[in-house]
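Derivation of every value follows stated rules applied to the coordinates shown; laboratory data play no part. Note that the structure is a prediction, hence the values are computed from the model and not measured. Note: ideal-geometry Cβ built from the backbone for every residue, glycine included; neighbour counts use all protein chains shown.
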Amino acid sequence: MILRSEGLRVTYGSTVAIDGLSLAFAGGRCGLLGPNGAGKSSFLRAVLGLVRPAAGKIEVLGLDTARRGREVRARVGYMPERDAVLPAANAVASLVHLGTLSGMPDRLARRRAHETLDFVGLAEERYREVTGYSQGMRQRFRLAAALVHDPDLVFLDEPTNGLDPAGRRDMLDLVRRIGGLGIHVLLSTHLLPDVEATCEEVLVVQAGTLRLQGKIEDLRRAARRTFAVRLAGDAAPFRREAAALGLEVAEGSRDGLRVSAPDTDGTALIFRAAERSGSIVTRLAEVRRTLEEVFFESLEASGPAPSPPGN
Amino acid sequence: MPVYDLAYRRTSFDRKIGGGLWAVARRSLRTSLRSRWTKILFALGWIPALGACAFLYIQSGALAGFGPPGGRSFHFQPNQYHLLLNWSRFFLLVFAVAVGSGAIAEDRRHYAFELYFSRPLTSLEYVGGKFLALVGLLFAITGLPALFVWLFDASLVPEGEPSRFGETADLLPRLGGYGLVLSAATALFVLAFSANSRSGRHAAIFFAIFFVLSQPVAEMLGQITGSDAVRALGYWRCFEAISREVFELPRGFHGPPFRAAAAVLLAACALAAFALRSAVRPTRVVR
């Protein structure tokens, strides 16, 4: 397991930022989704060993962060959300310094600095002072800083913040390429399209607790399948029969109905309800749910947070 | 001309954890020495020492073959070293403000802590690295010039006479030790101001105000209380008293006793270290 937390609780005085968060990340590219104040940054802080949890345990790459925090930080990369740069230094000097701080020999750090800047598309600007970079270039620089020491896992905190559409597309492409290099990625963001575009898995956090976890495709398909149904004639009898068969029927757009089926046999149930009610189905199509719908459903869902797989 | 393949790829190497202090110190030194102002101030800081050497050279009569026949060569006594280091203190303060005030404040302003402390670097290593670099630079314009003058003075003897190294060897630890105390204490004060500011300029202004005001305030308190010990609260008076003790000179006019000066210096250093330590914390990384 690349990352595992059990019963994690982080407090700042009387404020509880994370409350009993248990999750497991097996590897690959994973999105850490949640609204502002959900506890994403506090979670990353705890994972990096920068705050001491009030309770619970975190393991990163098989290492306990409480006891072996420095080893963990040597093997993970962190791209901060804030506009962090090293003052009075060009990109190469900054990356060499950050590389050596991560335990790299000087020569290797110098070579890696050039390779990493080339990778993120800053090769032409490598000898310019970073404080003079544009916003997009600074974001790329921070990504390079997270990668220079060849981490096994990178935490990217809102990597597309403040980028124009082209810059955003390039950044997301870089995130995908990092995953392709065999580096595990945990992308913390509140932007659902970023997660959909880059990640295979998603963790949804709200109020310091895990609300949802799973593969993005599975989540879209999970629970109830939804169909757009159009009928010829009166829909009332169909509604009655559908309800009797356990289907949920709601008004859809363009005179159609949205029918949610509890299992994978949804089409058969819809046709059975139509047959019993004497209705004729003129159109039937499965509606793919967006991650946004899944996300909001998970946040709106009442009751206890689901436990992550593997726990 | 070789063509390098710059494609990013995974690599394997031995990650050495724990060398952060030297890495921070090295980078701080490099960054400071790159600045033109640092070089100019550094050169200015050596003026008293070079002036002293020139003075010694002329006074010793070396230009005229070491003075008149039967005359004595001129050499520096502890009092002259005390005065030399007194002059150096002015350059030390200017240099400390110019080089040290931005050392941590600029890192804070640019959120560099987030990049530093997400690596295997402790706040103690970070502060220690900054401190070492600044102490080294400050010592290079206080203790080092004084040692240079001592070396010059001791070697400046007429041909055939033994050198004065052995005779004046007791000055070596005094000059080095006092230079180190002066540099270390000043570095600690500047870094404490720097760590608690978000801009190097602000830190410089606060530091300058504090040390410019400390002297008149201490003198005023001395007048009111009638106690010379209180005058040790002033930066100049405090180091003056310590210097006089180091070079075994009598207390100056209304000069504070050595014990009071040492106690004030220790307390101020402890306070500065506490302020520095509590301002530089990894937990401030993300808000």
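Worth pointing out:
- Cβ crowding within 10 Å averaged over residues, with A:197-205, A:243-251, B:45-53 ranked highest first: A:197-205, B:45-53, A:243-251
- Charge dipole (the protein assembly as shown, unit charges on Cβ, about Cα centre) - positive-most of A:145, B:264, B:45: B:264
- Sum of side-chain charges, residue B:258 neighbourhood, beta-carbon under 15 Å (Lys, Arg +1; Asp, Glu -1): +2
- Taking all Cα pairs closer than 8 Å and separated by 6 or more residues, the relative contact order of the range A:1-54 comes to 37 percent.
- Prolate/oblate/rounded label for the range B:207-266 (Cα gyration tensor, a/c 1.5): oblate
- Alpha-carbon spread of the range A:37-111, three principal axes, descending order, Å: 40, 28, 14
- Taking A:238, A:43, A:25 as the candidate residues, the one with maximal mean-square fluctuation in a Gaussian network model of chain A, Cα springs under 10 Å, is A:238.
- Shape class of chain B from the Cα gyration tensor (axes a ≥ b ≥ c, square roots of the eigenvalues): oblate, since a/c reaches 1.5 or more and a/b does not exceed b/c.
- Estimated from the Cβ-Cβ distance and a Förster radius of 35 angstrom, the FRET efficiency linking residue B:259 and residue B:43 is about 0.40.
- Within 10 Å of the Cβ of each residue in B:9-16, the mean number of Cβ atoms contributed by other protein chains is 6.
- Calculated FRET efficiency, residue A:134 to residue B:57, Cβ-Cβ distance, R0 = 56 Å: about 0.50 to the nearest 0.05.
- Cα centre as origin, Lys/Arg/Asp/Glu Cβ charges: the range A:1-95 dipole, Debye: 180
- Distance distribution note for the range A:3-219: the fraction of Cα pairs above 31 angstrom is 18%.
- Placing R0 at 51 angstrom, the Cβ-Cβ distance between residue B:249 and residue A:107 gives a FRET efficiency of 0.45 after rounding to 0.05.
- Burial ordering of A:57, B:130, fewest other beta-carbon atoms within 10 Å first: A:57, B:130
- Label zone (residue A:1, point 7 Å along Cα-to-C-beta; backbone nitrogen cut-off 17 Å) within the range A:58-100: A:58-68.
- Taking Cα centre as origin and charging only the Cβ of basic (Lys, Arg, +1) and acidic (Asp, Glu, -1) residues, the dipole magnitude of chain A rounds to 520 debye.
- Within the straight-line cut-off of under 28 Å between alpha carbons, the lysines reachable from residue B:39 are B:130, sequence neighbours fewer than 8 places apart in one chain being disregarded.
- Intensity falloff of the range A:66-158 expressed as log10 I(q)/I(0), Debye formula with alpha-carbon point scatterers, at q = 0.11, 0.22 Å⁻¹: -0.27, -1.07
- Relative contact order of chain B, defined on C-alpha pairs under 8 angstrom at six or more residues apart (%): 22
- Projected label distance in nm at residue B:86 and residue B:109, using a 7 Å step from Cα toward the beta-carbon: 3.7
- Diffusion coefficient of the protein assembly as shown by Stokes-Einstein, Kirkwood radius over Cα pairs, 4 °C, 1.567 mPa s: 45 µm²/s.
- Taking a straight line from the alpha carbon of residue A:57, these lysines sit under 30 Å away, with near neighbours fewer than eight places off in the same chain left out: A:40, A:215, B:16.
- At least 27 Å along the helix axis (C-alpha) and Kyte average at least 0.0, DSSP helices within chain B: B:78-100, B:171-195, B:200-225, B:258-279
- The range A:131-204: relative contact order in percent, alpha carbon pairs under 8 Å with at least 6 residues between: 32
- GNM remark for chain A: springs join alpha carbons under 10 Å apart, and the peak mean-square fluctuation among A:188, A:41, A:260 falls on A:260.
- Inter-label distance, nm, simple model (7 Å from Cα along the C-beta direction), residue B:161/residue A:234: 12.9
- When the alpha carbon gyration tensor of the range B:120-191 is reduced to an equivalent ellipsoid, the three semi-axes, largest first, read 35, 10, 9 Å.
- The simple spin-label model puts a point 7 Å past each Cα toward its Cβ; for residue A:67 and residue B:224 those points are separated by 5.7 nm.
- Reciprocal mean inverse distance between Cα atoms of the range A:138-210 - Kirkwood radius, Å: 12.8
- Ranking of B:14, B:228 by neighbouring Cβ atoms within 10 Å, starting from the fewest: B:14, B:228.
- Across A:159, A:80, A:105, mean-square fluctuation computed from a Gaussian network of chain A (C-alpha pairs under 10 Å connected) peaks at A:105.
- Charge dipole of the protein assembly as shown about the Cα centre (unit charges at C-beta), most positive-ward option of A:212, A:15, A:89: A:89
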